[in-house]
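Please read the structure below before turning to the comments.
The values are calculated or read from the model by the stated rules, or taken from the named source; none is laboratory data. As the structure is a computational prediction, the values presented were derived from the model and not from experiment. Please note: Cβ atoms are built from the backbone with ideal geometry, for glycine as well, and neighbour counts cover all protein chains shown. Side chains are part of the model used for accessible areas, which takes the heavy atoms of the whole protein and leaves out ligands, DNA and RNA. Shrake-Rupley method; radii C 1.70, N 1.55, O 1.52, S 1.80 Å.
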Amino acid sequence: MHQHILALYNSAKKQQKLIIGLMSGTSLDGLDVALCKMSGNGMNTQIELLAFETVDYDDDYKQKIKTVFAKRDCDLELVTLLNPWIGVLHGKMVNQCLAKWQLGAKDIDVIASHGQTIYHCPKSQHQHADFKHGTLQIGDSDHLAVTTGITTIGDFRQKHIAAGGEGAPLAVYGDYLFFTSPAENRILLNMGGIANLTYLPKSADPEAVFSSDIGPGNTIMDAYIQRFFAPLHYDRDSLVANQGSINQRLLDALCENTFFALGFPKTTGPEVFNLQYLATAQAASETTHLSHFDVMATLNRFSAQVIANAINQCSVNLSNVQVYASGGGIHNPLLMKHILALCPQLDEIKNTQALGINPDAKEAVLFAILANECLAGEKQRFGNQAQGIPNITMGKISFAD
């Protein structure tokens, strides 16, 4: 038996594993690196987050990715070169974290790598009759494995599509296995560039679980800040939006998109919700004269409104519903204020720290869960094909040599 297959087999049998989960989202802030001690699997999964670090991306990384990110037409040579380059860079970032945590490659069972999404195109978006859903993440896991010396599991989204899903959101698998509780109905809300949620009934009935993208979280707001308020990368503490006023005509135009009328589940991305989307809405609503502060105030309300609409849709006719939020949006106080005001059935919105998981680390932790399930060697016992949640194990395995 090959030494790496034997090592993987031995890791799968261990009662406890050390798994590093990696997440690089559409916000392009940095690489989230979560060191997780995992035990059990399936509904018996237990997680202890031992360490967490966000390794910031420099301007060079951001500019390189932006040249190909969410663009139908881009330089194919650059995409080809970026794929291994990001894998190596992410590997070096993991090595930095390991040195800081005083750990070596032999201490880690596997790395779970999401990669860097550069294009997401479900069938509802691309409208090509000959093709189904598609998504592309770069940051090759072979290069990451060789750079770190650690077996790496990556490219999770392709199996989801192969089995009939849209490739997103994948959070539902980890959410269901770790966060389901008989004490309350839960909505796990993640607000990255794109906002998504998972509904977890207290009955734990897989047939009642669903997960879906909602629409824009921070993506248009961040892009607007970067264009008009550089060198700011995002609206820190809502300082820009708080200086403006919401324009109802622009808000109405922003909300006029067929995506919002689609039922759950559905997926989308910055390919749809971007600065061109904003420009089109401003032209249609004759609001091109608005100040940058008023535009940001309106974009903030727009994200809040589509998020609140989804929460309200999920919780209709339900009692004892609690929302737990994660992602960059939780640090936007005006966004959180708007969402709560638009959800009168909620007394508060908590974040996942209340459930024992750092809300900034949650997405990276969820990919560690997917890697743990890949190693567990058992058929995934959770799925709901009708809700776009195939009953599958995800991830491709890359050995270090």
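What order, most packed first, do the peptides 187-194, 367-374 have when packing is the mean number of other Cβ atoms within 10 Å of each residue?
Per-residue mean Cβ counts within 10 Å order the peptides as 367-374, 187-194.
Counting only protein heavy atoms and a 1.4 Å probe, tell me what percentage of the range 248-340's accessible area is made up of carbon and sulfur.
On the way: 1990 of 3800 Å².
Carbon and sulfur atoms account for 52 percent of the accessible area of the range 248-340.
Provide the per residue accessible area, probe 1.4 Å, for the chain, rounded to a whole number of square angstrom.
Result: 43 Å² of accessible area for each residue.
Give, in nm to one decimal, the length gained when the segment between Asp56 and Cys255 is fully stretched (0.36 nm per residue of separation minus the Cα-Cα distance).
Working: separation 199, 0.36 × 199 = 71.64 nm, distance 3.27 nm.
Full extension of this stretch gives 68.4 nm more.
Could you tell me what percent of the DSSP beta bridges with both partners in the chain are antiparallel, to the nearest 5?
70
Given a 10 angstrom Cα cut-off, can you work out which residue in Glu207, Glu53, Glu77 is the most mobile in a GNM of the chain?
Glu77
What residue among Leu22, Leu31, Leu82 has the largest mean-square fluctuation in a Gaussian network model of the chain, using Cα springs under 10 Å?
Leu82
Positive end of the dipole of the range 1-68, charges at C-beta (+1 Lys, Arg; -1 Asp, Glu), about the Cα centre: which of Thr67, Gln3, Val33 has its Cα farthest in that direction?
Going by the Cα projections, it comes out as Gln3.
Can you compute the equivalent ellipsoid semi-axes for the range 253-401, i.e. the square root of 5 times each eigenvalue of the Cα gyration tensor, sorted largest first and rounded to whole Å?
33, 21, 17
Roughly how many nanometres apart are two label points built 7 Å out from the Cα toward the Cβ at His126 and Ser291?
Between His126 and Ser291, the simple spin-label model gives 4.4 nm.
Percent of accessible area on the range 97-173 owned by carbon and sulfur, 1.4 Å probe?
Roughly 52 percent of what the probe reaches on the range 97-173 is carbon or sulfur.
Residues with amide H under 5 Å of Thr135's amide H, sequence separation 5 or more or different chain, H placed in the peptide plane at 1.01 Å from N; which?
The answer is Cys121.
With +1 on each Lys and Arg Cβ and -1 on each Asp and Glu Cβ, and nothing else charged, work out how big the dipole of the range 129-189 is about its Cα centre, in Debye to the nearest 20.
Using Cβ point charges on Lys, Arg, Asp and Glu, the range 129-189 gives about 120 debye.
Membrane-span-like helices in the chain: DSSP H runs reaching 27 Å or more (Cα, own axis), mean Kyte hydropathy at least 0.0?
Values: long enough: 76-100 (36 Å, 0.68); 292-315 (34 Å, 0.31).
Counting only whole DSSP H runs, the qualifying helices are 76-100, 292-315.
Any idea what the dipole of the chain comes to, in debye rounded to 20, about its Cα centre with Lys/Arg Cβ at +1 and Asp/Glu Cβ at -1?
Value, rounded to 20: 620 debye.
Which percentage, to the nearest 5, of the DSSP beta bridges contained in the range 76-190 is antiparallel?
Restricted to the range 76-190, the bridges split so that about 60 percent are antiparallel.
Could you order Trp85, Trp101 so the one with the most accessible surface comes first? Probe is 1.4 Å.
Details: Trp85 90, Trp101 45 Å².
My answer, sorted largest first, is Trp85, Trp101.
Among the listed pairs Lys17/Lys62; Lys92/Lys202; Lys266/Lys350; Lys100/Lys202; Lys64/Lys100, give every one whose C-alpha distance is greater than 31 Å.
Distance filter (> 31 Å) returns Lys17/Lys62; Lys92/Lys202; Lys100/Lys202.
Quick one: how many Å² of Met93 are accessible to a 1.4 Å probe, rounded to 10?
Taking all protein chains as shown, Met93 has close to 10 Å².
Put +1 on the Cβ of each Lys and Arg and -1 on the Cβ of each Asp and Glu in the chain; which of Asn391, Pro344, Gln15 then has its Cα farthest toward the positive end of the dipole?
Gln15
Taking +1 at the Cβ of each Lys and Arg and -1 at the Cβ of each Asp and Glu, which of Leu76, Pro122, Gly87 sits farthest along the dipole of the range 40-138 towards its positive end, judged by Cα position relative to the Cα centre?
Pro122
Keeping all protein chains in place and using 1.4 angstrom, which order do Lys13, Lys71 fall into by accessible surface area, from largest down? Numbers along the way, then the final one.
Working: Lys13 125, Lys71 90 Å².
Largest to smallest exposure gives the sequence Lys13, Lys71.
Would you pull out the residues with amide H under 5 Å of Phe210's amide H, same chain only if 5 or more places away, H placed 1.01 Å from N?
Under 5 Å from the amide H of Phe210 lie the amide H atoms of Tyr199, each far enough along the sequence or on another chain.
Can you tell me the convex hull volume per residue for the range 112-251, based on C-alpha atoms, in Å³ to the nearest whole number?
207
What dipole magnitude, in Debye to the nearest 20, does the range 26-92 give about its Cα centre under +1 on Lys/Arg Cβ and -1 on Asp/Glu Cβ?
Around 220 debye, computed over the range 26-92.
Provide Met221, Met1 ordered by accessible surface of protein heavy atoms (probe 1.4 Å), highest first.
Ranked list, largest accessible area first: Met1, Met221.
Note down the accessible area of Ser319, probe 1.4 Å, to the nearest 10 Å².
Ignoring ligands and nucleic acids, Ser319 comes out at about 90 Å².
Quick one: pull the percentage of alpha-carbon pairs in the range 59-139 with a separation above 23 Å.
38
Please grab the % of Cα pairs in the range 1-104 that end up more than 20 Å from each other.
The proportion of pairs with Cα distances above 20 Å equals 54 percent.
Extension gain Asn312-Ala354, at 0.36 nm per residue separation less the Cα-Cα distance, in nm?
13.0 nm
In a Gaussian network model over the chain where Cα atoms closer than 10 Å are linked, find which of Ala34, Ala112, Ala354 has the largest mean-square fluctuation.
Comparing Ala34, Ala112, Ala354 in the GNM, the peak value goes to Ala354.
Considering only C-alpha atoms, what is the centroid distance from the range 28-87 to the range 199-226, in Å?
Using only Cα atoms to place each centre, the spacing works out to 19 Å.
In square angstrom, rounded to the nearest 10, how much accessible surface does Asp58 have for a 1.4 Å probe?
We get 90 Å² for Asp58.
Straight-line reach from Lys132: which aspartates and glutamates have Cα under 12 Å away, leaving out those fewer than 8 places along the same chain?
Glu166
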